[in-house]
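Written out below as structure tokens is the structure these notes cover.
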Amino acid sequence: MLDKIAALPGLTDEQKGMMSLQRARFLVDGGKFADAAAFIDGQINTATSVKALLLLLNGKSHLNLKEYEMAWVTYEGISKDFMGSPVMAEAICGMAYVRYGQEQFEPAANLFMDCFNKAQEEKLRKDAIYNGFITYRKFGNEDKTVEVAEQYLKLTPAGEHHADVALALSGIYSRRQQFDKANELLLPFLNDPDETKRRNAVFQTAYNLQLSGKADDALASYEKF
């Protein structure tokens, strides 16, 4: 169908660009990343109205092919050439995924947080700060993990990752012997309708109470678990 539409006479450059963008999206969504990269390379100089969006898809294609350096160059170029536009933040997130794929976790985490600070779209911001938390934790930077986890719980609406972040942060507080603070984080999840979240919160609460020397309270929580 796209081929038939593209063959119609009188299409404007903007319409041709949108056709190219749609084809590239189909290829990427279908997992045909090599085909997508090859197609976009042939379109990028003609579809100026959608150039930034095509480049983002090109970066995503190279990233999924684990062609990290090509993905990095593409994303970095977007971040510079389209500075201040919404696609800049997406490109910075792309750069973070590249560094994560290369197991360069500290720069990846820093880039995720840069994306969070520059992005305007709510879902992109939420994904970026969560990935920042995950990546600092994987890198082993406990102070930054705490900082970003606290920020995540404060700034993002309650959702699927809140219990995971709260549980991880509670464990860090407990290791730091901040037991009351650790258990306060878990209160919203002690009666969560999701069984896994509820059981994890109850068990972690019991463990925190045990470590803090409140044996009777700990035993009651373990019995509830």
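Filtered by the rule that a residue be not in a loop (DSSP other than H, G, I, E, B) and not small (Gly, Ala, Ser), segment 205-225 gives THR205, TYR207, ASN208, LEU209, GLN210, LEU211, ASP216, ASP217, LEU219, TYR222, GLU223, LYS224. Here segment 37-70 is the region considered, the condition is being part of a helix (DSSP H, G or I) and touching a Lys or Arg at 6+ places or on another chain (Cβ under 8 Å), and the residue that is nearest to GLY101 (Cα to Cα) is LEU57.
Mind checking which residues of segment 173-203 are of a type in the set (Ser, Thr, Tyr) and surrounded by 15 or more Cβ atoms within 10 Å (Cβ to Cβ)? Within segment 173-203, TYR173, SER174 meet the criteria. Close contacts from segment 58-87, counting a first residue that is free of Cβ contacts under 8 Å to residues at least 60 places away in the same chain and closer than 22 Å to SER20 by Cα and a second that is aromatic (Phe, Trp, Tyr) and open to solvent by 70 Å² or more (accessible area, probe 1.4 Å), with Cβ to Cβ under 7 Å and a gap of 6+ residues or different chains, come to LEU63/TYR97. Considering segment 135-155, the residues that are open to solvent by less than 50 Å² (accessible area, probe 1.4 Å) and among the hydrophobic types (A, V, I, L, M, F, W, C) include one that is farthest from TYR100 (Cα to Cα), namely LEU153. Just one of the listed residues (ALA206, ALA158, ALA168) is in contact with a helix residue (DSSP H, G or I) (Cβ under 9 Å, 6 or more places away or on another chain) and either touching a residue at least 60 places away in the same chain (Cβ under 8 Å) or open to solvent by 30 Å² or more (accessible area, probe 1.4 Å) (or both), namely ALA158.
For ALA37, are the conditions met, namely being open to solvent by less than 70 Å² (accessible area, probe 1.4 Å), modelled with pLDDT of 90 or more and not charged (D, E, K, R)? In short, yes.
For first residues located in segment 104-126 and in contact (Cβ under 8 Å) with a residue 12 or more places away in the chain, partners that are assigned to a helix (DSSP H, G or I) and surrounded by fewer than 16 Cβ atoms within 10 Å (Cβ to Cβ) and lie 6+ apart or on another chain with Cβ distances below 7 Å form the pairs PHE105/LYS138; GLN120/PRO86; GLU121/PRO86.
Selection within segment 102-123: residues that are in a helix (DSSP H, G or I) and at pLDDT below 95. The member of this set that is surrounded by the most Cβ atoms within 10 Å (Cβ to Cβ) is GLU122.
Residue count for segment 68-101 under the criterion of being of a type in the set (D, E, K, R) and buried (at least 17 other Cβ atoms within 10 Å of the Cβ): the result is 2.
One residue stands out among those in segment 46-67 that are closer than 20 Å to ALA34 by Cβ, at pLDDT below 95 and open to solvent by less than 20 Å² (accessible area, probe 1.4 Å): the one that is farthest from the chain's Cα centre (by Cα), which is ALA47. The combined condition, being hydrophobic (A, V, I, L, M, F, W, C), under 20 Å from PHE116 (Cβ atoms) and part of a helix (DSSP H, G or I), is not fulfilled by VAL202.
The values are calculated or read from the model by the stated rules, or taken from the named source; none is laboratory data. Just so it is clear, the model here is predicted, and its values are computed rather than measured. Please note: Cβ atoms are built from the backbone with ideal geometry, for glycine as well, and neighbour counts cover all protein chains shown. All accessible areas refer to the heavy atoms of the entire protein, side chains included, with ligands and DNA or RNA removed. Shrake-Rupley method; radii C 1.70, N 1.55, O 1.52, S 1.80 Å.
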